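For reference, the structure is listed below as structure tokens.
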Amino acid sequence: MPIRIPNTVSLEFLTSDMTSINEVPYFDEGISAGFPSPADDFQELKISFDKEVFGSSPSTIFCARVSGSSMEGAGISNNDIIAVDRLLDPEDGDIAVCLIHDEFTLKRLRVEKDCVWLMPENDNYKPIQITDNDSFQIWGIVINTLKYHRKR
């Protein structure tokens, strides 16, 4: 019987159609988030959104929709879509999709000498210490987050 982890999130895994690459207009000069800047300085280029999100090896990437608030301090909110690379080696400080006792959780990895901690980025949740008795896997490392900013 799986152990219920109170600060886990549910992830809705998404499939992607990688058969075509679409390019959208891209303004490389940057859009000022401070004082306005003249629009005449912008040169329109094209960007492959797929390549920007998935990198050069999309076969190792999967996407999932996040459900939960434990990673809000890292800028990952409920309903965000995360791109996760299964090929990257996990490192201290990475945000990882982990499977613990048959439940998924999204947490920042803190690797210490003899143990691993799964750290939430929200004070309402507690860290999870991984021990030798835990059924635990790292499914992948988060490389990008997609946010929808308009009210739904």
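Brief remarks on what is shown
- Listed by chain and number, the lysines whose C-alpha is less than 19 Å from the C-alpha of residue 126, apart from same-chain residues fewer than 8 away, are 107.
- Nearest-10 value in Å² for the accessible area of residue 92, using the 1.4 Å probe: 100
- Between residue 148 and residue 135, the distance separating the two model label sites (each 7 Å from Cα on the Cα→Cβ line) works out to 3.3 nm.
- Under the combined filter of DSSP loop state and at most 10 neighbouring Cβ atoms within 10 Å, segment 100-152 retains these chymotrypsin sites (Phe, Trp or Tyr not before Pro): 148.
- With all protein chains modelled, accessible area of residue 44 [1.4 Å, Å²]: 110
- Candidates per trypsin sites (Lys or Arg not before Pro) in segment 96-143, loop by DSSP, up to 10 other Cβ within 10 Å: 113
- Remark: spin-label model distance residue 110-residue 78 equals 2.6 nm, labels positioned 7 Å along the Cα→Cβ axis.
- Overall form of segment 50-93 per C-alpha gyration tensor (a/c, 1.5; a/b vs b/c): oblate
- Spatially, segment 119-152 and segment 41-85 are offset by 15 Å when compared through their Cα centroids.
- Cα gyration tensor shape for segment 55-152, rounded if a/c is under 1.5, else prolate or oblate: oblate
- Averaged over its residues, segment 38-149 has an accessible area of 58 Å² per residue, based on protein heavy atoms and a 1.4 Å probe.
- When 95, 138 are compared by accessible area of protein heavy atoms, the largest-first order is 138, 95, using a 1.4 Å probe.
- Using the Cβ-Cβ distance between residue 123 and residue 52 with R0 set to 35 Å, the FRET efficiency works out to roughly 0.60.
The values are calculated or read from the model by the stated rules, or taken from the named source; none is laboratory data. Model, not experiment: these values are computed from the prediction. Every residue, glycine as well, gets a Cβ built from its backbone with ideal geometry; the counts of neighbours run over all protein chains shown. Accessible surface is based on the protein model in full, side chains and every heavy atom, while ligands, DNA and RNA are left aside. Shrake-Rupley method; radii C 1.70, N 1.55, O 1.52, S 1.80 Å.
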